[in-house]
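Engineer: Quick one: the structure is below, questions incoming.
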Amino acid sequence: MSFFTRLKLALSILFGGELPAAQAPAPALPVAEPLPALPLPTPPPEQAHASALFLLGLLQREGRLVDFLQEDVTAYADADVGAAARAVHTGCRKVLAQYLALTPVVSDGEGASVAVPVGFDASRFRLTGNVTGQGPWRGTLKHHGWHATKVELPAAPTTVDVKVVAPAEVELP
């Protein structure tokens, strides 16, 4: 477009308020509606729960928790079960202390009288027994509960099959 053509166009807009029909911009093209977002693929359960499987693997490695829980202990004497439980307890407690900080939900000891207010957090309190009325409730503390105040688990490894909680151990001669 030459200088004079542009000047004429500018003056016609300035004094006429509109572009001349010949210079009017083409009508806008309709805007296409965006495609619906595709849902993200759902990871397989072993990947969605990799951190839980990894923690279970740590409890197995240090305390043989899975071995203990999978064993049918009814045939063993109480003293044998107690001795096994002590070893499991030591190893599993080590894992918890290393990766988690746990504090009681209620600081009172078991057997203490506890008041539970109206509108209580159901993740912190479970009422049992004769639960009636609107509250507040007063009852006997049967278990103080646990609250995680720190979680520092290592990342679950991506190079191993997290479904393998503990590998088979083979001793060679």
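The values are calculated or read from the model by the stated rules, or taken from the named source; none is laboratory data. Here the structure is a predicted model, which means the values were calculated and not measured. In this analysis, Cβ positions are derived from the backbone assuming ideal geometry, glycine residues included, and neighbour counts consider all displayed protein chains. Note: accessible area is taken over every heavy atom of the protein model, side chains too, but ligands, DNA and RNA are not part of it. Shrake-Rupley method; radii C 1.70, N 1.55, O 1.52, S 1.80 Å.
Engineer: Looking at (1) modelled with pLDDT of 80 or more; (2) touching a Leu at 6+ places or on another chain (Cβ under 8 Å); (3) open to solvent by 80 Å² or more (accessible area, probe 1.4 Å), can you tell me which one Pro41 breaks?
Structural biologist: For Pro41, the failing item is (2).
Residue-by-condition table, conditions (1) assigned to a helix (DSSP H, G or I); (2) out of contact with any helix residue (DSSP H, G or I) (no Cβ under 7 Å at 6 or more places or on another chain):
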| residue | (1), (2) |
| --- | --- |
| Pro30 | no, yes |
| Pro39 | no, yes |
| Arg61 | yes, yes |
| Val66 | yes, no |
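Engineer: I'd like the residue in the stretch 130-154 that is in a strand (DSSP E or B) and exposed (fewer than 10 other Cβ atoms within 10 Å of the Cβ) and, out of all such residues, is farthest from the chain's Cα centre (by Cα). Steps first, please.
Structural biologist: From the stretch 130-154, those in a strand (DSSP E or B) are 137-140, 146-151; that's our starting set.
Filter once more, so that each one left must be exposed (fewer than 10 other Cβ atoms within 10 Å of the Cβ): 138, 149-150.
On the way: Arg138: 32, Thr149: 15, Lys150: 14 Å.
Per the stated criteria, the residue is Arg138.
Engineer: Does the stretch 93-101 contain at least one residue that is touching a helix residue (DSSP H, G or I) at 6+ places or on another chain (Cβ under 7 Å) and within 26 Å of Leu153 (Cβ to Cβ)? Step through it out loud before you land on a result.
Structural biologist: The first filter runs over the stretch 93-101 and keeps only residues touching a helix residue (DSSP H, G or I) at 6+ places or on another chain (Cβ under 7 Å), leaving 94-95.
Still in the running and within 26 Å of Leu153 (Cβ to Cβ): 94-95.
Taking every residue of the stretch 93-101 in turn, at least one turns out to be touching a helix residue (DSSP H, G or I) at 6+ places or on another chain (Cβ under 7 Å) and within 26 Å of Leu153 (Cβ to Cβ).
Engineer: Could you go through the stretch 93-103 and let me know if any residue there is closer than 27 Å to Pro45 by Cα and of a type in the set (Ser, Thr, Tyr).
Structural biologist: Yes.
Engineer: Here is a follow-up. Check the stretch 78-97 and report whether any residue there is open to solvent by 60 Å² or more (accessible area, probe 1.4 Å) and either outside any helix (DSSP H, G or I) or in contact with a Phe, Trp or Tyr (Cβ under 7 Å, 6 or more places away or on another chain) (or both).
Structural biologist: No, the stretch 78-97 contains no residue that is open to solvent by 60 Å² or more (accessible area, probe 1.4 Å) and either outside any helix (DSSP H, G or I) or in contact with a Phe, Trp or Tyr (Cβ under 7 Å, 6 or more places away or on another chain) (or both).
Engineer: Separate question: Scanning for something over 16 Å from the mean Cα position of the chain (by Cα) and open to solvent by 100 Å² or more (accessible area, probe 1.4 Å), does the stretch 56-63 turn up at least one residue? First the steps, then the outcome.
Structural biologist: To start, the set of residues in the stretch 56-63 that are over 16 Å from the mean Cα position of the chain (by Cα) comprises 57-63.
Pick out the ones that are also open to solvent by 100 Å² or more (accessible area, probe 1.4 Å) and you get 61.
Yes: one or more hits.
Engineer: In addition: Picking from Val106, Val170, which residue would you name as being open to solvent by 50 Å² or more (accessible area, probe 1.4 Å), aliphatic (A, V, I, L, M) and in a loop (DSSP other than H, G, I, E, B)? Give the derivation first.
Structural biologist: Numbers: Val106 fails: open to solvent by 50 Å² or more (accessible area, probe 1.4 Å).
Testing whether each residue is open to solvent by 50 Å² or more (accessible area, probe 1.4 Å), aliphatic (A, V, I, L, M) and in a loop (DSSP other than H, G, I, E, B) leaves just Val170.
Matching residues to (1) of a type in the set (Gly, Ala, Ser); (2) assigned by TED's automatic domain parsing to the domain that holds Gly57; (3) within 30 Å of Asp67 (Cα to Cα):
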| residue | (1), (2), (3) |
| --- | --- |
| Thr90 | no, yes, yes |
| Arg93 | no, yes, yes |
| Leu96 | no, yes, yes |
| Gly109 | yes, no, no |
| Pro117 | no, no, no |
| Leu127 | no, no, no |
| Gly133 | yes, no, no |
| Trp137 | no, no, no |
